[in-house]
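Chemist: Input: one structure, supplied below.
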Amino acid sequence: MHRAKKRGPSKTIVFAAETNAVRTGQIQLETDLRHAIENGDLELHYQPIIDLENGNSIAFEALTRWHHPIHGPVSPARFIPMAEESGLILPLGRWAMMEACQQLAAWQKSIKNTQNIYVNVNMSAVQLLEDDISRTVAHCLAQSGIEGRNLRLEITESALVANPEFTARCLHEIKELGPTLALDDFGTGYSSLNYLNSFPIDCIKIDQSFVGQVDRDEQSSKIIRIITMLADTLRMSVVAEGIETSEQHVMMRSLGCRYGQGYLFSRPLPKDDATAHLRKQFK
């Protein structure tokens with residue numbers, strides 16, 4: 001019944017034992033995720049965001065990882081949508097933001113000259129629409145002691161269109177607290193110049209589907225050039241996601257992209273490895 005309702009009115013689904021088994025497994029995994037959040041069994045990994053001109057890390061994107069005691073690592077592509085559907089994304093999102101802010105505060109206290117490093121935290125449409133997100137941000141900043149400018153929140157294009165007026169108010173409230181905002185996966189959703197004009201966006205993150213083709217597809221390179229020119233006109237920074245080869249690195253620089261992240265530079269790192277990464281840069 002739940003799946004039929006999600007498909008819209010006047011839809012039918014034929015019950016099958018296999019379907020029931022899949023749903024039962026999803027319910028169990030959802031229960032396990034709830035327990036993992038409550039018991040602190042999740043962890044954040046941190047992927048460096050690099051200045052493509054000098055190779056230095058300027059920030060880290062905080063990414064949630066879940067190692068299930070039975071099933072092992074569970075892909076975020078599986079448990080994040082589950083969390084959004086069930087409402088668990090609210091406590092998960094609050095935990096991730098607080099954990100990332102506290103980790104950055106620990107780095108700033110223990111490693112010299114890291115006051116300008118910032119951390120990116122992903123924010124879902126569900127958090128924007130159903131949580132008091134500005135209060136969550138204020139709480140995380142106050143508890144961790146970091147400055148607002150050291151926190152950047154990433155939001156997807158689809159989240160902007162769910163309730164544009166309400167979302168715009170929420171984002172402006174967040175901006176008043178000091179954090180900056182990045183538009184994630186740019187070019188894959190509802191891209192519109194009006195959205196860039198209506199929302200207080202500071203950074204555009206070019207989706208890896210374009211970056212991955214930039215060195216062999218002229219159309220992708222043209223699109224990226226247009227995005228970088230647009231961002232420059234609007235005084236926004238640009239980050240290229242998913243850089244995996246030296247050729248892509250060179251191409252992104254030549255197309256006017258200043259910052260990037262991807263496996264060429266580093267995979268997402270557990271906090272101890274991310275700490276070592278920072279210590280090496282700021283030794």
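Chemist: Considering each residue of the stretch 38-52, count those that are open to solvent by 30 Å² or more (accessible area, probe 1.4 Å), at pLDDT 95 or above and not in a strand (DSSP E or B), and give that number.
Modeler: Residues flagged as open to solvent by 30 Å² or more (accessible area, probe 1.4 Å), at pLDDT 95 or above and not in a strand (DSSP E or B) within the stretch 38-52 amount to 0.
Chemist: Can you tell me how many residues in the stretch 237-277 are in contact (Cβ under 8 Å) with a residue 40 or more places away in the chain and more than 14 Å from Asp51 (Cα to Cα)?
Modeler: The number of residues fulfilling the criteria is 9.
Chemist: Could you run through the stretch 85-99 and say how many residues are on the phi < 0 side of the Ramachandran plot, of a type in the set (Gly, Ala, Ser) and open to solvent by 20 Å² or more (accessible area, probe 1.4 Å)?
Modeler: Number satisfying all stated conditions: 1.
Chemist: If Ile243 satisfies all but one of (1) in contact with a helix residue (DSSP H, G or I) (Cβ under 6 Å, 6 or more places away or on another chain); (2) open to solvent by 60 Å² or more (accessible area, probe 1.4 Å); (3) in a loop (DSSP other than H, G, I, E, B), what's the number of the condition it fails?
Modeler: So the condition that Ile243 fails would be (2).
Chemist: A follow-up question, please. Within the stretch 146-163, is even one residue farther than 23 Å from Phe186 by Cα and open to solvent by 60 Å² or more (accessible area, probe 1.4 Å)?
Modeler: Checked against the condition, which is being farther than 23 Å from Phe186 by Cα and open to solvent by 60 Å² or more (accessible area, probe 1.4 Å), the stretch 146-163 yields at least one hit.
Chemist: Looking at the stretch 111-132, which of the residues that are in contact (Cβ under 8 Å) with a residue 40 or more places away in the chain and in a loop (DSSP other than H, G, I, E, B) is nearest to Val239 (Cα to Cα)?
Modeler: So the residue we want is Ile117.
Quick grid of which residues meet (1) in a loop (DSSP other than H, G, I, E, B); (2) without any contact (Cβ under 8 Å) to a residue 60 or more places away in the chain; (3) within 21 Å of Ser198 (Cα to Cα):
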site	(1), (2), (3)
Ser134	no, yes, yes
Gln143	no, yes, no
Ile146	yes, yes, no
Leu153	no, yes, yes
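The values are calculated or read from the model by the stated rules, or taken from the named source; none is laboratory data. The shown structure was predicted, so the numbers you read here are calculated from the model rather than taken from an experiment. As a convention, Cβ positions derive from the backbone with ideal geometry for all residues, glycine included, and neighbour counts pool all protein chains shown. With ligands, DNA and RNA removed, areas are computed over all heavy atoms of the protein, side chains included. Shrake-Rupley method; radii C 1.70, N 1.55, O 1.52, S 1.80 Å.
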